[in-house]
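What follows is a short report on a single structure.
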Amino acid sequence: MKIAVVGCGAMGSVYAGLLADGGHEVWAVDPWAEHMAAINESGLRVEGASGDRTVPLAGAVTSAADLTLDGGEFDVVILATKVGQVTEAAESIKPLLEPETPIISIQNGLGGPQRSAATLGPERVVIGVVGGFGASMTGPGHVHHNGMELVRLGEFQGDGVTPRTEALAELWRSGGFNVNTYNDVHQLVWEKLLCNVAFSGPCTVTELRVGELLDDPDASEISARCTTEAFRVARAKGIPLSFDDPVAYTRAFGAKIPDARPSMLLDYLAGRRTEIDAINGAIPDAAAEAGLEAPANVVVSSVVRLKERQAGL
């Protein structure tokens, strides 16, 4: 299949490299010019839980407008940008789409698939929820991932597990990914959000790796309070969750990737603005809608924003 991966940071690069290794024609799109140039010159190296391979891609460009459409439009577009970049990215890919081209929208936090649907139409959008990879960029053209847990797919419109969803699952499996499909993927968005809330903001505040945070009693307490608040909001909003103990759930998740730094911390350390407003920063607003408060997430979000301002981000 002909696939565009729009947003080739750490996770997008894992997607692109393994899908290309599975025999697909994969094009990478990301504004990081050095990264795109390295891929074009030497291929994309994916190292870690999936092994160690260097894979040539069909091409890597800094803008969707630069894509060479030798064989026509794309069969699948994976939108793997940050939440705040989704609308612009979705607009940019409109010329790449056939009438039936699905968009797999994969973002941390809240709001990414909703923005994809608003721009491209809800009928096009499949939600991806990915966890347990702990990916980071080693350098231009080189990504590392600590784990390889699961890719979860479901229709944005909640149409059950459709033939399209199953076909997309097989596409991911061809790249060596573990994949499940779901009738209601929105539940999984919240389950992943609880993990993001537990580690993204707290690790960025403390600048600890996941395992270091779990081992530190004070940092671990911050994490537990953040995820417990998010759990209470989800329950108040009627979101069905598959567990009753959010702290145990998120600690089990983190224990699988102890050496990982969350993408939020990696962004901060690299001098980039973080996604705090879509993750920990989204919980206080959601709590207010449910008649609740989320003081731990307010404080953690405020500290991350302060650190960003102090760093001039």
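Observations, loosely collected:
- Residue pairs whose Cβ atoms lie under 9 Å apart, sitting 6 or more positions apart in sequence or on different chains, and linking a residue in the range 35-56 that is assigned by TED's automatic domain parsing to the domain that holds Val14 to a partner that is modelled with pLDDT of 95 or more and of a type in the set (Phe, Trp, Tyr), are Ser50/Phe177.
- Where strands (runs of 3 or more DSSP E) fall entirely within the range 2-58, those with at least 1 residues that are of a type in the set (Asp, Glu) are at 25-29, 44-48, 51-55.
- Residues in the range 215-244 that are of a type in the set (Lys, Arg) and more than 12 Å from Ala296 (Cβ to Cβ): Arg235, Lys237.
- Residue identified as under 28 Å from Asp184 (Cα atoms) and surrounded by fewer than 17 Cβ atoms within 10 Å (Cβ to Cβ) among Asp277, Asp215, Asp244, Asp259: Asp244
- Considering (1) buried (at least 16 other Cβ atoms within 10 Å of the Cβ); (2) of a type in the set (S, T, N, Q); (3) in contact with a strand residue (DSSP E or B) (Cβ under 6 Å, 6 or more places away or on another chain), the lone condition that Thr54 does not fulfil carries the number (1).
- Boolean, Arg261 is on the phi < 0 side of the Ramachandran plot, outside any helix (DSSP H, G or I) and in contact with an Asp or Glu (Cβ under 7 Å, 6 or more places away or on another chain): no
The values are calculated or read from the model by the stated rules, or taken from the named source; none is laboratory data. Being a predicted model, the structure only gives us computed values, none of them experimental. Heads up, the Cβs are rebuilt from the backbone with ideal geometry, glycines too, and the neighbour counts pull from every protein chain shown.
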